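Participant: Below are the structure tokens for one structure; questions will follow.
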């Protein structure tokens with residue numbers, strides 16, 4: 001996202017987390033988009049059927065509601081398979097999280 005775009009100026013990162021084992025790795029980022037809280041949640045498994053990439057919005061009842069998804073077949077070949085040595089989860093999955101957050105911004109802020 002262009003840092004000078006209106007949507008970029010309204011995004012504030014609140015938290016992020018990573019986890020990794022020999023079978024999968026995960027990256028999660030939570031941001032504030034205006035009055036909304038949005039979570040990008042990505043899991044890269046060895047198999048595409050067990051991988052996922054979603055954007056969720058925190059609803060008023062404090063539950064995460066699905067907002068957007070990205071099919072693993074669109075991005076799995078661009079990431080390192082699990083179990084291939086040290087993996088920096090944020091580096092591998094951060095660009096996809098950016099894409100999901102930008103999609104959420106387009107849905108919620110436009």
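Participant: Per DSSP helix of 4 or more residues, -39500 (n - 2.57); summed, then divided by the residues of the chain. What does that give at 222 nm, rounded to the nearest 500? Intermediate values should be presented prior to the final figure.
Facilitator: Numbers: 2 runs with 25 residues, N = 110.
Counting only the DSSP helices, I get -7000 deg cm²/dmol.
Participant: Then there's this: Sorting 57, 38, 31 on the 10 Å Cβ count, fewest up front, what's the list?
Facilitator: On the way: 57 18, 38 26, 31 21.
Starting with the residue having the fewest Cβ neighbours, the order is 57, 31, 38.
Participant: Compute the helix-to-body angle for 89-109: its Cα long axis versus the longest principal axis of the chain, expressed 0 to 90° and rounded to tens.
Facilitator: Approximately 30 degrees, to the nearest ten.
Participant: Also, I was wondering about something else. Relative contact order for the range 6-109: what is it in percent, counting Cα pairs under 8 Å that are at least 6 residues apart?
Facilitator: 26 percent
Participant: Evaluate the distance, in nm, between pseudo-label points positioned 7 Å from the Cα of residue 107 and of residue 76 along their respective Cα→Cβ axes.
Facilitator: Modelled inter-label distance: 2.2 nm.
Participant: Still on this structure: For 96, 108, 66, what's the fewest-to-most ordering of other Cβ within 10 Å of each Cβ?
Facilitator: 66, 108, 96
Participant: Based on the Cα atoms of the range 6-109, what semi-axes does the equivalent ellipsoid have, where each is the square root of 5 times one gyration tensor eigenvalue, given in whole Å with the largest first?
Facilitator: Equivalent ellipsoid of the range 6-109: 25, 13, 12 Å, largest first.
Each value in this text was obtained by applying a stated rule to the coordinates, not by laboratory testing. This one's a predicted model, so the numbers in the text were calculated from it and none came from an experiment. When we count neighbours, we look across all protein chains shown, and the Cβ atoms used for this are built from the backbone with ideal geometry, even at glycine.
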